[in-house]
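Here the structure comes first, spelled out in structure tokens, and everything after it is commentary.
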Amino acid sequence: MANAGSGSLATILFLFISQAALHKGAAQDPVVSQNLVTDNVAVVEGETAIISCRVKNNDDSVIQLLNPNRQTIYFRDMRPLKDARFQLVNFSENELRVSLSNVSLSDEGRYVCQLYTDPPQEAYADITVLIPPGNPIIEAKDEVLSEGNETEMTCTAMSSKPAATIRWMKGDKELTGKPKVELTYDKMYTVTSRVAFAVSKEDDGVPVICIVDHPAVKDFRARRFLEVQYKPEVKIVVEFPQGLTREGENLELMCHAKGKPQPQRINWYKVDDEVPTHAVITGSDLYIENLNKSYNGTYRCVASNPLGESYDDYVLYVYDAPTTTPIPTSAIITTTTIITTSTSNFEANQDTAPSTEPAAHDSRAGEGAPRTVDHAVIGGVVAVVVFAMLCLLIVLGRYFARHKGTYFTHEAKGADDAADADTAIINAEGGHTNSDEKKEYYI
């Protein structure tokens, strides 16, 4: 009984004090004051909001907190409102701080911090309740796409507050969508975004991502992987030989074909001719033994699937079998040997090398193919040789001319006292028997 009586007395006292305070502050309308400070609050549904009323300069006036219906939540440190979700966090002369747990949409609105002065001072704290959207849903117009076609996708974020925003990504590339916002009967927002784009074979397996941005959630995503079908890609690879294709050797070509769906049929043809009768075709491989020049031509690999067919070409050019040139055992004149060797190399290069570089998949462009002959170098070598021969002839001519003059001089010396020519020659030879100047040399 004593406890009950004490509780009733405290309630009566609280009501008396509050009524007195209300009558005191009712003389004038409340005003917004810079002395009383509070903050707006944004809180996710189901979480806890903190409301703080702060006084810069307090003169022992009463602080109270009111809900949007202007019902008193806390009067100083007492809670007359019977809602246990409101709890006192801090009370002092300069602050009243209250927590509201398990916030719902009905708790949204303007809360009032009131300081009982004359006139009363007020400050307002707006509580905004955030409701995150549900899991985003992606829907595609086409399950399976063909290369070059255009498709459309939609992404929906339902029942959020405020309205969410939607972004699109295709791999690392951002797409531009067209959003549509709808307000439902329960003051929720449903956002739908549509995006249209064309696909290529490179898009096969690439994810399309719907990204939902909302104050209550970050990086909320849904994704869908593209399935794109495309016609085959064909490439011929030379397995053997690694260098030039020569007579008597074997040739092995492999045809790589990739498509979606994977091509089931791969065929080999020879353009404008028949494939050699003894050629062996095993699946995607072509094998030809004992090459000769009659096999020259363009060989084509063709692969197909329901979306179309593609091909790749290989140009076969068969060279002569390699021959060994014998090395000369002796050379009478050095200049002659140089001319012969240069000419042989020049002719060999003309027989084995084309004048221009061929295109890709051409056996003439194989590794080790001879390069184009440098005619300037050969012309220079020939010019040097001719010049050397002319110089040699000039030197020999001068040499013979000088010694011929010496012979006539000696003959004249013996003719001074001789009766005839024979006697003059004998006298000239006898007078210079031991002299080196009378010797003649023949080459």
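The values are calculated or read from the model by the stated rules, or taken from the named source; none is laboratory data. These numbers were taken from a predicted model, which means no experiment stands behind them. Quick reminder, even Gly has a Cβ in these numbers, built from the backbone with ideal geometry, and neighbours come from all protein chains shown. With ligands, DNA and RNA removed, areas are computed over all heavy atoms of the protein, side chains included. Shrake-Rupley method; radii C 1.70, N 1.55, O 1.52, S 1.80 Å.
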Task: Scope region 21-40; condition assigned to a strand (DSSP E or B) and either surrounded by fewer than 17 Cβ atoms within 10 Å (Cβ to Cβ) or modelled with pLDDT of 95 or more (or both); matching residues - done: Val31, Val32, Val37
- [ ] Please indicate, with yes or no, whether at least one residue in region 50-58 is part of a loop (DSSP other than H, G, I, E, B), farther than 30 Å from Val217 by Cα and in contact (Cβ under 8 Å) with a residue 24 or more places away in the chain.
- [x] yes
TODO: Identify, by number, the condition in (1) surrounded by fewer than 19 Cβ atoms within 10 Å (Cβ to Cβ); (2) touching a helix residue (DSSP H, G or I) at 6+ places or on another chain (Cβ under 7 Å) that Leu226 doesn't meet.
DONE: (1)
TODO: Please enumerate the residues belonging to region 54-76 that are more than 22 Å from Ser106 (Cβ to Cβ) and surrounded by 12 or more Cβ atoms within 10 Å (Cβ to Cβ).
DONE: Arg54, Val55, Asn58, Ser61, Val62, Ile63, Phe75, Arg76
TODO: Have a look at Ser160, Ser106 and point out the one that is out of contact with any Leu (no Cβ under 8 Å at 6 or more places or on another chain), crowded, with 20+ Cβ neighbours inside 10 Å, small (Gly, Ala, Ser) and within 30 Å of Ile51 (Cα to Cα).
DONE: Ser160
TODO: Would you check which residues across region 282-307 are open to solvent by 80 Å² or more (accessible area, probe 1.4 Å) and under 42 Å from the mean Cα position of the chain (by Cα) and list them?
DONE: Thr282, Pro306
Task: So Leu175, is it closer than 30 Å to Thr38 by Cβ and out of contact with any Gly (no Cβ under 9 Å at 6 or more places or on another chain) - done: no
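Any idea which of Val191, Val208, Val237 is in the same structural domain as Gly308 (by the TED database) and outside any loop (DSSP other than H, G, I, E, B)? I'd like the intermediate steps shown before the answer.
Values: Val191 fails: in the same structural domain as Gly308 (by the TED database); Val208 fails: in the same structural domain as Gly308 (by the TED database).
None of the other options fit; the residue is Val237.
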- [ ] For residues that are in contact with a Phe, Trp or Tyr (Cβ under 9 Å, 6 or more places away or on another chain), part of a loop (DSSP other than H, G, I, E, B) and touching a residue at least 40 places away in the same chain (Cβ under 8 Å), tally how many sit in region 59-84.
- [x] 5
Task: Selected residue (only one of Lys235, Lys231, Lys260 is farther than 30 Å from Ala321 by Cα and open to solvent by 70 Å² or more (accessible area, probe 1.4 Å)) - done: Lys231
Task: Of residues in region 194-203 being open to solvent by less than 100 Å² (accessible area, probe 1.4 Å) and in a strand (DSSP E or B), the one farthest from Ser159 (Cα to Cα) - done: Ala198
Task: Number of the condition not met by Pro80 [criteria: (1) open to solvent by 70 Å² or more (accessible area, probe 1.4 Å); (2) in contact with a helix residue (DSSP H, G or I) (Cβ under 8 Å, 6 or more places away or on another chain); (3) farther than 23 Å from Val208 by Cα; (4) not hydroxyl-bearing (Ser, Thr, Tyr)] - done: (1)
Task: Residue count for region 246-274, restricted to those that are out of contact with any strand residue (DSSP E or B) (no Cβ under 6 Å at 6 or more places or on another chain) and either more than 25 Å from Tyr230 (Cα to Cα) or of a type in the set (Gly, Ala, Ser) (or both) - done: 6
